[in-house]
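A short worksheet on the structure shown next.
The values are calculated or read from the model by the stated rules, or taken from the named source; none is laboratory data. Note that the structure is predicted; figures quoted are calculated from it, not measured. FYI the Cβ positions are ideal-geometry reconstructions off the backbone, even for glycines, and counts take in every protein chain you see.
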Amino acid sequence: TDPQQPRTTYAADLKSGSLVRGYVPGMSDFWFCVKHHTVETGENVCPSIDRLGPYPTREDAQHALEKAEQRNEDWDNDPKWNDD
């Protein structure tokens, strides 16, 4: 893909429950790209398969992998989800 062209993104419209194609002005969500290990926002974000989020702040997005690791650990140790 052309790096100069904004990538097509989809955002959830919380009022209607539908997906909105493209960047939605006013959405200040931050994403963490697992491919590039960077925080992204706005129009030029990586495809959703490569992102974690959205997060309300840049700092929250910067800690996305730590948060995911902690959640995985919590679920691994949750007796309700234990397959043993």
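Within the stretch 41-57, being part of a loop (DSSP other than H, G, I, E, B), among the polar types (S, T, N, Q) and surrounded by 13 or more Cβ atoms within 10 Å (Cβ to Cβ) holds for one residue alone: N44.
Condition check ((1) surrounded by 15 or more Cβ atoms within 10 Å (Cβ to Cβ); (2) at pLDDT below 85; (3) in a helix (DSSP H, G or I)) across all residues:
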site: Q5; (1), (2), (3): no, yes, no
site: L14; (1), (2), (3): no, yes, no
site: V20; (1), (2), (3): no, yes, no
site: W31; (1), (2), (3): yes, no, no
site: K35; (1), (2), (3): no, no, no
site: V39; (1), (2), (3): yes, no, no
site: E59; (1), (2), (3): no, no, yes
site: E69; (1), (2), (3): no, no, yes
site: N72; (1), (2), (3): no, no, yes
